[in-house]
Amino acid sequence: MAELEARRADIHYDEIECKSALNPVKGMGFNWSLNPYVGCEHRCSFCYVRAYELRADRPYDDRYGRSIRVKTNVAQVLRCELARRSWKKETVVIGAATDPYQPAEGRFKLTRQCLEALRDFSNPAGIITRGPMIVRDIDVLVEASRRADVSVTFSIPTLDDEVWKRTEPSTAHPRQRLKAVTALVEAGVKASVGMAPILPGISDRPEQLREVVRAAREAGATGIWANLLFLRPGTREHFLEHLAEDWPEQLPLYERLYASRRAYLGAEERNPLRDQVGALAREYGIRDRRKLKLAPPPEPEQLSLSF
């Protein structure tokens with residue numbers, strides 16, 4: 001705990017104003033993202049956002065996460081964008097490029113304000129987080145879920161304490177996230193588990209995968225999925241540097257798997273992992289078991305005139 005507090009003590013918050021809140025997205029399964037903060041205090045060694053920071057000529061190494069840009073007006077800008085006649089109420093995903101429930105949210109409450117805006121406009125939303133702080137906003141999530149489709153995905157790649165401590169140095173313990181899953185599901189909010197990224201040779205042993213799937217089922221998760229690590233420039237350099245310190249025996253494996261600056265692993269590596277997790281999910285019966293399933297009311301049927 002003292003080490004974690006020391007890491008947070010040197011973080012600088014830069015309050016800025018943004019011109020837009022909604023960001024168009026390509027190739028990620030959704031069209032719009034929203035990030036109340038730029039930078040993330042969690043500083044996960046495998047974070048794919050480090051690649052974006054490199055392209056933007058910002059620190060992607062150990063300095064990443066020490067300076068957090070806080071979009072103080074993001075909720076007001078979001079309301080203006082949601083009110084446009086051209087807006088088609090597409091799903092907005094919060095947290096695609098930073099964790100919306102990192103420690104900064106406890107101070108600035110921007111994610112909550114954005115959720116309130118999405119709720120007021122009955123707009124579908126998805127949230128990706130490692131932060132159990134989300135339980136603070138159960139009231140807003142419940143109201144939003146009654147007006148539009150809302151889902152939360154908790155990133156829980158492993159329950160292995162050693163792997164967690166070395167790769168996610170400033171996050172809450174994964175079991176705290178599982179408690180948050182339970183709290184949301186019991187309130188009627190859809191909450192699933194994303195096992196990503198799975199690290200080859202480090203967190204992909206069958207017993208490690210089974211432990212997460214079993215715990216997700218016990219927590220009441222409405223679904224589960226998995227994906228392997230990908231290493232774009234920026235993330236690659238930082239992750240491999242830490243890999244050499246923490247698991248030097250795994251370096252040959254990663255040099256082979258990610259040879260020639262390869263960022264993504266192919267189907268031959270990816271599909272067996274997904275098949276394992278899928279089989280475990282079926283074995284444990286992971287599905288939407290909510291006793292209270294919050295959902296928006298059905299669209300009114302249009303009457304047709306018959307002649």
Qualifying residues in region 35-54 (those that are over 14 Å from the mean Cα position of the chain (by Cα) and not in a loop (DSSP other than H, G, I, E, B)) - the one surrounded by the fewest Cβ atoms within 10 Å (Cβ to Cβ): TYR52
Any hit, region 82-98, residues being in a helix (DSSP H, G or I), more than 20 Å from the chain's Cα centre (by Cα) and either over 18 Å from LEU294 (Cβ atoms) or of a type in the set (Val, Ile, Thr) (or both): yes
Condition check for LEU251: hydrophobic (A, V, I, L, M, F, W, C), within 22 Å of the chain's Cα centre (by Cα) and over 17 Å from PRO157 (Cα atoms): no
Complete set of residues in region 18-34 that are open to solvent by 30 Å² or more (accessible area, probe 1.4 Å) and either touching a strand residue (DSSP E or B) at 6+ places or on another chain (Cβ under 7 Å) or modelled with pLDDT under 95 (or both): ASN23, PRO24, LYS26, GLY27, MET28, GLY29, PHE30, ASN31, TRP32
Residue list for region 161-199, filter: part of a loop (DSSP other than H, G, I, E, B) and out of contact with any strand residue (DSSP E or B) (no Cβ under 7 Å at 6 or more places or on another chain): GLU168, PRO169, SER170, THR171, ALA172, HIS173, ALA187, GLY188, LEU199
Residue check for ILE224: touching a Gly at 6+ places or on another chain (Cβ under 8 Å) and either open to solvent by less than 90 Å² (accessible area, probe 1.4 Å) or among the aliphatic types (A, V, I, L, M) (or both): yes
Residue count for region 257-281, restricted to those that are open to solvent by less than 80 Å² (accessible area, probe 1.4 Å), part of a helix (DSSP H, G or I) and not basic (Lys, Arg): 13
Failed item in (1) at pLDDT below 95; (2) assigned to a helix (DSSP H, G or I), with ALA215 passing the rest: (1)
Residues of region 72-113 classified as in contact with a strand residue (DSSP E or B) (Cβ under 6 Å, 6 or more places away or on another chain), buried (at least 21 other Cβ atoms within 10 Å of the Cβ) and farther than 17 Å from CYS47 by Cβ, total: 1
Which listed residue, of SER145, SER155, is modelled with pLDDT of 95 or more, among the polar types (S, T, N, Q) and closer than 15 Å to MET195 by Cβ: SER155
Qualifying residue in region 193-202 (condition: open to solvent by 20 Å² or more (accessible area, probe 1.4 Å), over 20 Å from the mean Cα position of the chain (by Cα) and within 22 Å of HIS42 (Cβ to Cβ)): no
Checking LEU209 against (1) open to solvent by 20 Å² or more (accessible area, probe 1.4 Å); (2) farther than 30 Å from ALA144 by Cβ; (3) modelled with pLDDT of 95 or more, the condition it does not meet: (1)
Answer from ASP160, ASP137 - the residue that is at pLDDT 95 or above, of a type in the set (D, E, K, R) and more than 21 Å from ALA104 (Cβ to Cβ): ASP160
Residue in region 57-71 that is on the phi > 0 side of the Ramachandran plot, under 20 Å from the mean Cα position of the chain (by Cα) and buried (at least 17 other Cβ atoms within 10 Å of the Cβ) present: yes
Pairs where the first residue, in region 83-107, is touching a residue at least 40 places away in the same chain (Cβ under 8 Å) and the second is hydrophobic (A, V, I, L, M, F, W, C) and part of a loop (DSSP other than H, G, I, E, B), C-beta under 6 Å, 6+ apart: THR91/PHE30; VAL93/PHE30; THR98/CYS40; ASP99/CYS40; GLN102/CYS40
Odd one out for LEU294, checked against (1) in contact with a strand residue (DSSP E or B) (Cβ under 9 Å, 6 or more places away or on another chain); (2) open to solvent by 70 Å² or more (accessible area, probe 1.4 Å); (3) in contact (Cβ under 8 Å) with a residue 60 or more places away in the chain: (2)
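The values are calculated or read from the model by the stated rules, or taken from the named source; none is laboratory data. Fair warning: this is a prediction, and the values are worked out from it, not measured in the lab. So basically every Cβ, Gly included, is an ideal-geometry build from the backbone, and we count neighbours across all protein chains shown. Heads up: the accessible areas ignore ligands, DNA and RNA and are worked out on the full protein's heavy atoms, side chains in. Shrake-Rupley method; radii C 1.70, N 1.55, O 1.52, S 1.80 Å.
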